[in-house]
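Have a look at the structure below before the remarks.
The values are calculated or read from the model by the stated rules, or taken from the named source; none is laboratory data. Predicted model only: the values in this text are computed from it and were never measured. Cβ atoms come from the backbone with ideal geometry, glycine included; neighbour counts cover every protein chain shown. Remember, those area values only see protein heavy atoms, side chains included, never the ligands or the DNA or RNA. Shrake-Rupley method; radii C 1.70, N 1.55, O 1.52, S 1.80 Å.
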Amino acid sequence: MVQLPVHNFSHGLLNPGLGYLLSCLGSFIGLRCLTRARAYTGWTRAVWLLLASVAIGATGIWLMHFIAMLGFSIPGQQILYNVPITLASLLVAVVVVIIGLFIVGYGGGGLRPVLAGGAVIGIGVAIMFYVGMSAISMQGTVRYNLGLVAVSVLIAIVAGTAALLAGLYVSGTWSSLGVSLIMGVAVTGMHYTGMAAMHVYASARTAISGNSAGSFLFPLLLGAVVLTFLLALIIAMSPNEEEIRADWSLSERLRPVAVLSDEEEEEGKNRAWTRVSAAQVEANRAWAHLAEEVEASRADMSSAEVNGGSSPGVNGSAWANASSAGANDGSAWANGAAGNTNGAQLESSRTRGNGGTGSHHDPRARRAQPRPAGTVEALNLPD
């Protein structure tokens, strides 16, 4: 059996270079989706895992494989593709990545889910590759080197495990870009290792059917561009992992209470009504005590008014007594003055009776007369 020459680089480095770039782009977008899936739980995490699976499985793996196959040729033979089988390989690529990512995303952490998910992804990618190769329709018999097939499967498993580990720990943009470059190398290496394992042998000519690569090349590239643009737009408009966690922490601090069951809510209402009733009782007691204090204050004010009304009478009596005392003092002064005057007249009579002219006065008579306060008495000395 004659082995036919196989060319995997019919257009030079164009196909492997473009395929590598698409693999890196799909891996990068998938990793950015995984970083957001880590920050969520429930259905939101599932949605981000699905987006990551589409990015890695469709763009990063399958589209790279198809672009690289455009450089595959056999001199002197026409190569056609079975479109349904080709699309089935696309579905296999996406499904196996979904399974692997969900194993890790909901596996509870640890190394075992990563290894299990990496094995699923690696074996699934290998299945995708060989299903896609079975879609080729050409004149010849295809056989594979089992050793190189095993190596290609091993490379796929390592690439899948590395992608899952990167999805668990990589968070920054630049680190995601670096890991995506490595994943692109792994996916591209896996493809060309599998192609190296394929050998084509000449066989009797039979009728072939299918579509040429160029017939659905434009729709394929257009769909890939639209899908990549939409995924990149979703990534650009969505918050990153740090912002998601910050929003979640803020919402937890602002959340007043947890959601309660019907029984707990009813019990809480009963307790609240009990506290309200107790507060009303305390308020009634406080109002009663305040009313007692107000009545006592009013009674004290009435007593003070009564005492204040009797005070003027007492003060009037005191004033009358003081006036009487003043009158008595005046009467006593009048009596004293009259007595002094009579005595002075008596002495004067005695002096005249004794033959005095009245020019000299008796000092006793002078002292007996009242004098204004503050005056100085003049002494009449003999000549």
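Using the Karplus relation 6.51 cos²θ - 1.76 cosθ + 1.60 with θ = phi - 60°, the per-residue 3J(HN,Hα) values for region 94-104 come to 5, 5, 5, 5, 4, 4, x, 5, 6, 4, 6 Hz, with x marking Gly and Pro. Solvent-accessible area per residue in region 1-61 equals 44 Å², computed with a 1.4 angstrom probe and all protein chains kept. If R0 is taken as 41 Å, the Cβ-Cβ distance between residue 201 and residue 245 corresponds to a FRET efficiency of 0.10. Using 0.36 nm per residue and subtracting the Cα-Cα separation, the extra length available between residue 144 and residue 169 on full extension is 5.3 nm. Projected label points at residue 230 and residue 254, each 7 Å from Cα along the beta carbon direction, are separated by 3.2 nanometres. What's the carbon and sulfur percent of region 1-112's accessible surface, probe 1.4 angstrom, rounded to a whole number? Roughly 73 percent, rounded to a whole number.
For region 177-223, the per residue solvent-accessible surface stands at 49 Å², with DNA, RNA and ligands left out and a 1.4 Å probe.
In plain terms, the C-alpha convex hull of region 60-166 casts an average shadow of 7.2 nm² when viewed from every direction. The modelled label-to-label distance between residue 13 and residue 288, using points 7 Å beyond Cα along the C-beta direction, is 9.9 nm. Rounded to the nearest 0.05, the FRET efficiency derived from the C-beta distance between residue 44 and residue 99 at R0 = 22 Å is 0.70.
Annotation: per residue accessible area for region 70-147 equals 44 Å², rounded to a whole number [probe 1.4 Å, protein chains only]. Packing-based ranking of 44-56, 19-31, 221-233 yields 19-31, 44-56, 221-233, ordered from highest to lowest mean Cβ neighbour count within 10 Å.
Quick one: length gained pulling residue 216 to residue 278 fully straight, 0.36 nm per residue minus the C-alpha distance?
Fully extending the segment from residue 216 to residue 278 adds 14.3 nm.
What is the calculated FRET efficiency for residue 87 to residue 177, with r their C-beta to C-beta distance and R₀ = 35 Å, to the nearest 0.05? Efficiency, rounded to the nearest 0.05: 0.70.
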